[in-house]
1. Express the C-alpha Rg of the chain as a ratio against the empirical globular expectation 2.2 N^0.38 Å, rounded to two decimals.
2. Quick one: Karplus J couplings for the stretch 408-425, per residue in order, coefficients 6.51, -1.76, 1.60, θ = phi - 60°, nearest Hz, x for Gly and Pro?
3. With the contact rule set at Cα under 8 Å and sequence spacing of 6 or more, what percent relative contact order holds for the chain?
4. Based on the mean of other Cβ atoms within 10 Å per residue, sort peptides 238-244, 444-450, 108-114 so the most packed one is first.
5. Given a cut-off of under 8 Å on Cα pairs at least six residues apart, what relative contact order in percent is computed for the stretch 142-245?
6. About its Cα centre, what dipole magnitude does the stretch 282-394 give when the only charges are +1 on Lys and Arg Cβ and -1 on Asp and Glu Cβ, stated in debye to the nearest 20?
7. Can you give the local net charge around Cys328? Use residues other than it whose beta-carbon is closer than 13 angstrom to its beta-carbon, Lys and Arg +1, Asp and Glu -1.
8. Would you work out the charge dipole size for the chain about its Cα centre, treating the Cβ of every Lys and Arg as +1 and the Cβ of every Asp and Glu as -1, and quote it to the nearest 20 debye?
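Readers should treat all values here as calculations from the given coordinates under stated rules, not as data from a laboratory. Note that the structure is a prediction, hence the values are computed from the model and not measured. FYI the Cβ positions are ideal-geometry reconstructions off the backbone, even for glycines, and counts take in every protein chain you see.
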Amino acid sequence: MTPEISSQTERLGDYLAAVPKTDLPPQVVHKTKHHVIDTVAAMVSGAQLPAGVRGLAYVEPYVGGGSSALVGGRRVSPVEAALANGMSAHADETDDSHAGSISHPGCAVVPAALAVGDHLGSSGAQVLRAVAAGYDVGTRAVLSLGKPVLNTDSSGRSTHAYCGLFGAAAAAMTLYGLDAARCREVLSYAAQSASGVTSWVRDPNHVEKAFVFAGMPASNGVRAAAMVASGCDGVGDVFAGVPNFLDALSQEVDRDALCSGLGERFEIMATNIKKFAVGSPAQAAVQAMLELVEEKPIDPSEVAEIRIVLPHDLARVVDNRAMPDICCQYLVAGTLVDRAFTFAMAHDDARMTEPVIRSLRARTVLVADPERAMVRTADVTVTFTDGRIRQRFVGAVRGTVDDPMTDDEVSAKAVDLMEPVLGSAATTDLMGRLWRLDGCDDINEITDMLTAAVPLRA
């Protein structure tokens, strides 16, 4: 007797099986290109940073004869490529985010899609469909567990890891072209490898966090799809029946969220791209200070106090952290002093102890707003020694769905991240190919450009 499949899981499997044959709406294709470009740029720049370097070092013994490209040279198996490139994609805090599911889909989904696409020789159009499907499924898997919550003062499962896992698995299975029954089995294998808890907030060097958000879910998702594609069978409905994945993890299960709006509401359209390569909760504060200094420069010696108000649920994530790119006080002070935001400033450990920066940080107060949560806002107030006050509230950060970046802005950010690593000519060539991704016959034409020798930091 064939076990009964719930209507939600049946529809999810049918949707995933149809992805390779279903054209995306033009606006979804275009937005998906934005996220592929943004994530590839994050991979290239992140390969220079500790999390990326450590991920590449881990897969070093497996290099040789593989089919999937690593940033920085050579090829390995799809599972190892997804892990290392995923860690690079989250290393510099510039990857995208989905507010509704409290997740960063791109840093896991895109490396997984590229790794499997490389292995199979998939076209650019197939990769774009796979990426969009990954965002659709990863975010819905999180939402089906009930309203996502990130309370950094207590322990809990990491929505970031769960979204990335099911998103990576979805992207990979669609590239393998599995039928509906096999797609449902991939979801079951993915569920068995689901992990990730919010202890990443205590990670001092961002390496474990990059593993939790990206490397682990990307590689586990690719492995789940590859196992079923190789002939492994499994449970046909891991989301319903007794026992099941959702009931094991939550008492607020919403199974209908698994397939709500599938094929009509594309979650990549509701995913934000960061304009600033910093921890997501710090973005609005950086933008607020940038707007203030662009309006009129501020002399650091005239500042009596800087007051930053952030939503209470995420304030701790960026409160006086040891790493520059997730230390809100440092990022605001650096933007004030430089009268600009740069990737270099946001990743400069030495500047955190520079006298003028250290002095400004000592005069900076970060306040958690008990009335705000689940949003990326900031209220920055500068009080001067003569009593003057300048204030700026940012309710929608540039790059969010409410204030999206243009094609030119997406390109400018990507070039800024990749050009110092790949050089001007190679970056220009790669960007042109990425913008024409839907016309690419074999994704290897693009990933070959990522295997050029890249000087990695020690």
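1. On the way: Rg = 21.6 Å, N = 458, 2.2 N^0.38 = 22.6 Å.
Ratio of Rg to 2.2 N^0.38 Å for the chain: 0.96.
2. My calculation for the stretch 408-425 gives 4, 5, 4, 5, 4, 5, 4, 5, 4, 7, 8, 4, x, 9, 8, x, 5, 5 Hz in order.
3. 21 percent
4. Working: 238-244: 16.4, 444-450: 18.9, 108-114: 36.7.
Final packing ranking: 108-114, 444-450, 238-244.
5. Values: 132 pairs, mean separation 39.0, N = 104.
Answer for the stretch 142-245 is 38 percent.
6. Numbers: 14 positive and 17 negative charges, 24 e Å.
The dipole of the stretch 282-394 has a size of about 120 debye.
7. Details: positive: Arg307, Arg316, Arg321, Arg361, Arg376; negative: Glu93, Asp319, Asp325, Asp379.
Charge balance in the 13 Å sphere: +1.
8. Here the chain has a charge dipole of around 560 debye.
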